[in-house]
Amino acid sequence: MSSAHLPVPWPPDLTPEKAPVYNFHELYISASPAIIWHWLIYVQLWSRYNPYLSDIILLDPAATELMLGTSFQWRRSSYTLLSTVTDYLPYARIGWRVEGLWLAGFQEWLLMEDSGGCLVRVEETLSGFVPRLLHRSMSHGLEVVQHEWLKSLRRVAEVGPPPVSF
C-alpha cells in the first residue's frame, strides 16, 4: 500500500465522524505527482490560479514552501485562516490544521500516481461554533471551493511545473 493510500491522520477532534462539515473531491490530473506537489507547496502561487484564495503569508520569513511544521495565514473566500502543516510526505500527501474565528479544521491532499498522471484527492473537516450553526451552507461552500481548487490545479499542472521565481 502506498503512503498516499494510508488513512488520513485526522486530529482526534476533527475526524469526519465528529465534524459537522466534511467534504472530499477527487480529480485525475495528467501530470506527475512532482509537478502537482510543487504547485501545492508553493503557497504564494495559490492565488494566481485559484480565485477563492488570497492574502497568503508564510509566517516564517525564511520559508519559501510548505514543509512539516510550516505555519501560514491565508484567506479562503472571505474567511481568514491560520494553518500549520502536520502531515508531510513529499510527492504523496500533505495536510494542515485550519484555525479561524469560531472554527477549526483539517485539510489533507493525497497524490496517487496513476497511468502517467495522478489522482488527486482533497479531504477536509470543519468544526466549531460556525460550522455547527451553518453546516449546510458551509458544506456547500467547501464543496465549491474544493472543486474549483482541483480544477484550477489541473489547469496549471497540466501545462507544467510552477515558475522558478515568483
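The values are calculated or read from the model by the stated rules, or taken from the named source; none is laboratory data. Remember, it's a predicted structure, so these values are computed and weren't measured experimentally. Note: ideal-geometry Cβ built from the backbone for every residue, glycine included; neighbour counts use all protein chains shown.
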- [ ] Could you list, in sequence order, all residues of segment 96-117 that are in contact (Cβ under 8 Å) with a residue 24 or more places away in the chain and more than 16 Å from the chain's Cα centre (by Cα)?
- [x] L101, W102, L103, E113, D114, G116, G117
Task: Yes/no for V98 being out of contact with any Phe, Trp or Tyr (no Cβ under 6 Å at 6 or more places or on another chain) and within 17 Å of S139 (Cβ to Cβ) - done: yes
- [ ] Check L89 against each of (1) more than 21 Å from I56 (Cβ to Cβ); (2) crowded, with 18+ Cβ neighbours inside 10 Å; (3) not hydroxyl-bearing (S, T, Y) and name the one condition it does not meet.
- [x] (2)
Task: Odd one out for M138, checked against (1) buried (at least 19 other Cβ atoms within 10 Å of the Cβ); (2) within 13 Å of the chain's Cα centre (by Cα); (3) part of a helix (DSSP H, G or I) - done: (2)
Open item on the list: Contact list please: Cβ distance under 6 Å, first residue in segment 123-150 and without any contact (Cβ under 8 Å) to a residue 40 or more places away in the chain, second residue part of a loop (DSSP other than H, G, I, E, B) and surrounded by fewer than 19 Cβ atoms within 10 Å (Cβ to Cβ), pairs at least six apart or on different chains.
Closed with: G128/W102; F129/W102; V130/W102
Open item on the list: So G69 passes all but one of these: (1) part of a loop (DSSP other than H, G, I, E, B); (2) small (G, A, S); (3) closer than 21 Å to G105 by Cα; (4) modelled with pLDDT under 95. Which condition number does it fail?
Closed with: (4)
